[in-house]
Amino acid sequence: MGHIDTARGEAPAIARTPRILYREARCQDGADQAEVFHHAVMQGAMGHYELSAREAWAAVLPREGSAWVARQALYTTLVATCDSRCVAFLELDEPRDYVESLYVWPSLARRGIGSALLGHAERLLRERGAERMSIDASLVMADGLERQGWVRVREEWVERGGQRLQRRHLEKPLATRDA
């Protein structure tokens with residue numbers, strides 16, 4: 001721990017990076033997933049979508065853990081945890097080689113957590129022989145994904161609760177390492 005500056009009676013500020021662990025989702029992560037989704041949409045997407053669009057987007061899925069636990073049965077769900085709490089998650093539709101969703105708690109965005117989850121998903125797909133993976137990315141993350149090698153296939157508009165939201169369908173080739 002830092003020392004106390006006796007001249008001013010203050011302890012120096014210590015910058016701590018939270019320790020993030022990655023694993024498959026468990027039932028007890030459902031409530032945290034609901035909160036991550038809600039806050040990522042309502043706060044994290046503020047700079048890209050109007051309030052009415054974000055409210056419609058957030059209303060698509062219930063803000064209760066049981067709904068997210070049920071989704072864990074449909075998708076391979078990977079989570080990032082900090083202090084045993086889910087702070088980010090990715091839902092992978094393995095038969096379609098498709099990232100169904102990726103959300104990160106807003107204050108932890110832009111720290112590589114989403115990229116790490118995508119890396120784990122990519123490894124899973126590569127191990128089963130997939131040649132490419134795809135995602136329908138919101139404007140929040142589309143540019144960043146394109147900078148990381150994802151290829152824009154098309155621009156799309158989806159309707160959520162009477163609101164139109166723009167997104168991009170992106171793909172990433174999964175070339176085998178020995179090719």
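The values are calculated or read from the model by the stated rules, or taken from the named source; none is laboratory data. In this text the structure is predicted, and so the values were computed from the model without any measurement. Methodologically, a virtual Cβ is constructed for each residue, glycine included, from the backbone with ideal geometry; neighbour enumeration extends over all protein chains shown. Heads up: the accessible areas ignore ligands, DNA and RNA and are worked out on the full protein's heavy atoms, side chains in. Shrake-Rupley method; radii C 1.70, N 1.55, O 1.52, S 1.80 Å.
A compact table of results
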quantity: Residue tally, condition open to solvent by less than 40 Å² (accessible area, probe 1.4 Å) and touching a strand residue (DSSP E or B) at 6+ places or on another chain (Cβ under 6 Å), over segment 104-115; calculated: 4
quantity: Single residue of segment 143-164 satisfying the filter (at pLDDT 95 or above and buried (at least 16 other Cβ atoms within 10 Å of the Cβ)) that is nearest to the chain's Cα centre (by Cα); calculated: 145
quantity: Identity of the residue in segment 55-72, within 23 Å of residue 158 (Cα to Cα) and assigned to a helix (DSSP H, G or I), that ends up most open to solvent (accessible area, probe 1.4 Å); calculated: 55
quantity: Complete set of residues in segment 18-38 that are surrounded by 15 or more Cβ atoms within 10 Å (Cβ to Cβ), out of contact with any strand residue (DSSP E or B) (no Cβ under 7 Å at 6 or more places or on another chain) and over 22 Å from residue 168 (Cα atoms); calculated: 30, 31, 34, 35
quantity: Of all residues in segment 39-54 being touching a strand residue (DSSP E or B) at 6+ places or on another chain (Cβ under 8 Å) and part of a helix (DSSP H, G or I), the one that is surrounded by the fewest Cβ atoms within 10 Å (Cβ to Cβ); calculated: 52
quantity: Residues (outside any strand (DSSP E or B) and without any contact (Cβ under 8 Å) to a residue 24 or more places away in the chain) located in segment 75-91; calculated: 84
quantity: Residue match in segment 73-94 (condition: open to solvent by less than 30 Å² (accessible area, probe 1.4 Å) and among the aromatic types (Phe, Trp, Tyr)); calculated: yes
quantity: Filter pass, residue 140 being aliphatic (A, V, I, L, M) and either over 22 Å from residue 111 (Cα atoms) or touching a Lys or Arg at 6+ places or on another chain (Cβ under 8 Å) (or both); calculated: no
quantity: Test: residue in segment 121-134 that is in contact with a Lys or Arg (Cβ under 7 Å, 6 or more places away or on another chain), open to solvent by 50 Å² or more (accessible area, probe 1.4 Å), of a type outside the set (Val, Ile, Thr) and under 24 Å from residue 76 (Cα atoms); calculated: yes
quantity: Leading residue by the ranking (modelled with the highest pLDDT) among those in segment 165-179 that are among the hydrophobic types (A, V, I, L, M, F, W, C) and touching a Phe, Trp or Tyr at 6+ places or on another chain (Cβ under 8 Å); calculated: 170
